[in-house]
Every structure is written in structure tokens, then in C-alpha cells.
Protein chains: 2
Amino acid sequence: MKKKDNKKFEISELDKKILTSVLDLKESNLNLISKKIKISKSTVHNRIKRMKVNKLIDGFIPIININFIQDQITAISLIKAKYGPEYAEDVGKRLAKIQGIWAVYFVLGSNDFIVLIRAKNKIELENIVNELTKTEGVERSETIMVIKILKEDFSDAYKFMIND
Amino acid sequence: MKKKDNKKFEISELDKKILTSVLDLKESNLNLISKKIKISKSTVHNRIKRMKVNKLIDGFIPIININFIQDQITAISLIKAKYGPEYAEDVGKRLAKIQGIWAVYFVLGSNDFIVLIRAKNKIELENIVNELTKTEGVERSETIMVIKILKEDFSDAYKFMIND
DNA sequence: TTTGAAAAAAAAGCTGG
DNA sequence: CCAGCTTTTTTTTCAAA
């Protein structure tokens, strides 16, 4: 699956329909999608392939019920960078490399970054926070422990930005 | 796929290996997983099926490259609930129902909740924030705009809590 | 539970319209 | 974009270890 470089890929309305359908079904079965949106299987197939080739779709991941994973720890860190915003992105890149940080958001306001952390246990969380604190360009950080995950739906994260 | 209710399902080391493999490969191709972890295809198949039946795996979602979605808006809200923590979970449940909020974390510290928001545009974000503010039990909230997503890797969110 | 082989199903690839 | 047909790949089943 090579990437086309000459022509910029743009997502179409049909692509969006298919994606929404895949997100709703939670699987990418051609027959089901085809029936659901009343588009021929071949077209659905071609479109999905096109989205994969163009890296709009970069694979599939299982939705894991977090309740089965005992003792998992989630935390959120609010981070202020040392230098002006022009350096901020570099700091963000460094943060993104830390094992255990699965999301890095560059934000407006009194903080520069908000990062989402997931660890197996307290010791690991401590290590992650230590690493974070020592990261070049980090001025101060405040880590907030999550007591309970009331919702964490990655498909919603996608749906809400696609649908009309 | 029925759920077994009598016997509690527990994830095994082999299950973890398979999950990690699926998360790394970004697809659940039996051949590839089988080769990767050197376990027969049928076993991989049986295990994945078992995880689905027991709802440890609740489907598969595509990883969507957010760069192709123009004008998507991400925001994060820090929320303080009106009443003591004993009521907090109800507030959290209400927040979780708001369209556009894809994650709700009940947290320790000066805030009670941190929620993650994704919207198609500013108008929608405004609506979500309005709804959030009006939610029963919400005392105050601070919404932080995300300028840039430097990392958001849902498979990492899982990997870091599974692996040893 | 795990396995390898065999059967069934689904995906992928084509060609025309 | 589609319908139908062929080939290829993947999933599912199953008897045996």
C-alpha cells in the first residue's frame, strides 16, 4: 500500500458515511456496511482501500473493556513550558516520546500542554511523572489522578468530528 | 455472542500477548498474530473469540488520521461539581451523555471531572460547553482549547496498561 | 487447551456497464 | 458508482493429541 504523494487526498461524503458506519458497527464487515448505507460492496471495498492507501485509515484497534484490566492507573498532567510558544512544540514532541503518555495536547491558557497518562501501577506512574518533570523545557507540571473512568469512548472521539 | 455470567472472566497472559500483538499490528489478522507470537492460528482464533464473547473486546475501530479532518475542534474541560463527592458520580453520568464529550474522568484535586471534547466546529463546541455549564450539579467549569494535537494514540492508551 | 488440516466465508481483484 | 464473476486470503470448524 503505497501513498500517493502528488495528489492530495480529500475525504468525501461517502467516505464519511462509510467511516461512521464502521464506527457504529465496531467492525469493518463489507456486507454489513454495504447493507447499512445501501452502497454496493465493491464501492465500499474500493473506498476503504483508498482510505487505507492514503493513510486516512491507519489500521484497526480492538476496543478493550478497561474493567477487566485490574489496577490500571490513569492520570492527567497540566504542563507549563519554560520558553515561549515558539519552543513549545519541541517540548511537546519530547513529551510525546515518554512511554505511558498516550496523548499530548498543545493548549491555550495558563498551561501549554495537557497530557494523558496510562500506567500499570503506581510505581510506573511515578516513573512517568519523574521523566515528565525532568523533560527539557518543562517549567512546572501538575498531575491529577483519575479515580474513575466514567466514559472513554474512542469511537465517539472520531464520530463527533465526522458526522453532520 | 452471549456473555457468560456464572463464571467471572479473567484475562490470561496469552490473552495479553495476543492483545498486544493486535495493538502492534493494528489489525487482527490471524496469520500475522499467529506468526508473531508463535501460537497456532486456531488458538489465536479461539482466544480472540473468547475475549469477544466475554466482552473484553467490544469490537474494532479504525484509526483515523485526524489531519484529514479539516476544522475539527478539540477541547478539554475541568469541572467542579456542586455537591460532595457522593453526588459526583451522578454528575459524571450526566456529562457522559452530552454529545461531543467522548471521555469523562472523575479526578482528585480541586476539580471533580476532566472531560474531553471533540466537535466539528466552533458553533458545536459552543453548544457543548453551554450544555455542560447547564448540567445539573456543575458548579463551575473551565474549558481549554486545544491548538494542536501532538499525539493521540488510542492503541498506546491500551498498550501501557497491558504490557509488562 | 492447543493443534493442523479441511471447509466455509469473506475480501480482493477484474471487467463491463 | 455498480453488479457479477473469479481468485485469493482469512476465518471458522473439528477431530485428535
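What follows draws every value from the coordinates through simple rules; no lab data is involved. These numbers were taken from a predicted model, which means no experiment stands behind them. With ideal geometry, Cβ positions are generated from the backbone for all residues, glycine too; neighbour counts draw on all protein chains shown.
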Legend entry - Zone of B:Lys122's modelled label, taken as backbone nitrogen in segment B:51-76 under 13 Å from a point 7 Å along Cα→Cβ: B:73
Legend entry - Exam field: A:Glu13 pseudo-label spacings to other copies (7 Å along Cα-Cβ), nanometres: 5.5
Legend entry - segment A:129-145 - phi-based ³J(HN,Hα) in whole Hz, Karplus 6.51/-1.76/1.60, Gly and Pro as x: 5, 4, 4, 4, 4, 7, 4, 4, x, 8, 7, 8, 8, 10, 9, 10, 7
Inset, instruction - Express in whole angstrom the spacing between the alpha-carbon centres of segment A:128-152 and segment B:48-94. - result: 19
Inset, instruction - Rounded to the nearest 10 degrees, what's the angle between the helix B:13-25 long axis and the longest principal axis of chain B, both from Cα atoms, 0 to 90? - result: 70
Inset, instruction - When you have a sec, figure out the Kirkwood radius of the protein assembly as shown from all distinct Cα pair distances and drop it here in Å to one decimal? - result: 21.1
Legend entry - Only Lys, Arg (+1) and Asp, Glu (-1) charged, at Cβ; the protein assembly as shown dipole about Cα centre in debye: 1980
Legend entry - Debye intensity ratio I(q)/I(0), log10, segment A:116-156, q values 0.16, 0.17, 0.35 Å⁻¹ (C-alpha model): -0.54, -0.59, -1.29
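Once the other residues with Cβ under 10 Å from the Cβ of B:Lys36 are scored (Lys, Arg +1; Asp, Glu -1), what is the net sum?
+2
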Legend entry - Using a 7 Å Cα-to-Cβ projection, B:Asn130 label spacings across copies, nm, ascending: 4.9
Legend entry - Leading residue at positive end of dipole, the protein assembly as shown (Cβ point charges), from B:Ser77, A:Leu116, A:Ser21: A:Ser21
Legend entry - Near-label residues of segment A:36-69 by backbone N, under 14 Å of a point 7 Å along Cα→Cβ of A:Leu14: A:37-51
Inset, instruction - Taking the Cα centre of chain A as origin, work out the dipole magnitude from +1 charges on Lys and Arg Cβ and -1 charges on Asp and Glu Cβ, in debye rounded to 20. - result: 1060
Inset, instruction - On a 0 to 90° scale, report how tilted helix B:85-97 is relative to the longest principal axis of chain B, with both axes built from alpha carbons and the result rounded to the nearest 10. - result: 80
Legend entry - Inter-copy separations for B:Leu108, label at 7 Å along Cα-Cβ, nm, ascending: 3.3
Inset, instruction - Taking every pair of Cα atoms in chain B, average 1/r, invert it to obtain the Kirkwood radius, and report Rg/Rh to two decimals. - result: 1.06
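Over chain A, what is the mean sequence separation of C-alpha contacts under 8 Å (at least six apart), divided by residue count, expressed as relative contact order in percent?
Contact order relative to length: 23 percent.
Summing +1 for each Lys or Arg and -1 for each Asp or Glu, what net charge is found among the other residues whose Cβ lies under 11 Å from the Cβ of B:Ser110? Don't skip to the answer; put the middle values down first.
On the way: positive: B:Lys80, B:Arg140; negative: A:Glu142, B:Asp112, B:Glu142.
Neighbourhood net charge equals -1.
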Legend entry - Evaluated at q = 0.29, 0.31, 0.32 Å⁻¹: base-10 log I(q)/I(0), Debye formula over Cα of segment A:52-98: -1.04, -1.11, -1.14
